[in-house]
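The values are calculated or read from the model by the stated rules, or taken from the named source; none is laboratory data. For clarity, every value in this text was computed on a predicted model and none was experimentally measured. Counting neighbours? That spans all protein chains shown, and the Cβs are built from the backbone with ideal geometry, glycine included. Side chains included, ligands, DNA and RNA excluded: accessible areas come from the protein's heavy atoms. Shrake-Rupley method; radii C 1.70, N 1.55, O 1.52, S 1.80 Å.
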Amino acid sequence: MPEKIKVFISSVMNKSQEDLSAEREAALQAVRSIPFCKPWAFETEPASPQGAEDAFLDGVRESPFFVLILGKTLTQPVKKEYLHAATSRKAVFIFTKGTQERSEEVQTLLESASVKYDSFESAPDLRNKCRLALEKEIIR
């Protein structure tokens, strides 16, 4: 059986900064719904003696597709993941949570991204948009 295509899921995971757990779950569901794709998400990976940063950067390296979920804030790990994906020429998909408040860092990232991003209003909306975007890219 051929190996499944890995899709890296990136977003803020610190709930004290912003809770995107429902959105992360929606992205995981979208990826799992495509039979030949497999999500890579930090919270689903097993324990490892590897440092956290090495683990998530290895995940980016192993994944040809990179899904970035943005809300109001941005953390250093998410910025590192995104920059690694962008400079490694991964297929980057950015989804922005429909919010009027965005930090300057999020706005700067969106302005510098050389991809078309999409917004979503709810976790089910994100799930549908993420699946559609991945399917279209895989077919292309």
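Below is a table of values for the structure above.
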item: For Cys37, residues with placed amide H under 5 Å, excluding near neighbours; result: Ile5
item: Share of carbon and sulfur in the accessible heavy-atom surface of the chain [1.4 Å probe, %]; result: 51 percent
item: Under-5 Å amide H pairs with Ser119, H placed in peptide plane, nonlocal only; result: Thr96
item: With all protein chains modelled, accessible area of Ile139 [1.4 Å, Å²]; result: 150 Å²
item: Chymotrypsin sites (Phe, Trp or Tyr not before Pro) restricted to DSSP loop in segment 1-76 with at most 14 other C-beta within 10 Å; result: Phe36
item: In segment 11-41, trypsin sites (Lys or Arg not before Pro) in a DSSP loop with at most 16 other beta-carbon atoms within 10 Å; result: Lys15
item: Solvent-accessible heavy-atom area per residue, rounded to whole Å², over the chain at 1.4 Å; result: 56 Å²
item: Helix-only CD estimate at 222 nm, as mean residue ellipticity for the chain, using -39500 (n - 2.57) per DSSP H run (n ≥ 4); result: -13500 deg cm²/dmol
item: Candidates per GluC sites (Glu not before Pro) in segment 1-62, loop by DSSP, up to 12 other Cβ within 10 Å; result: Glu3
item: Rotationally averaged projected area of segment 63-140 (alpha carbon convex hull; nm²); result: 5.1 nm²
item: Residues whose placed amide H lies under 5 Å from that of Phe93, excluding near-sequence neighbours; result: Phe66, Val67, Leu68
item: Dimensions in Å of the chain - Rg and Dmax from alpha carbons; result: 14.1, 46
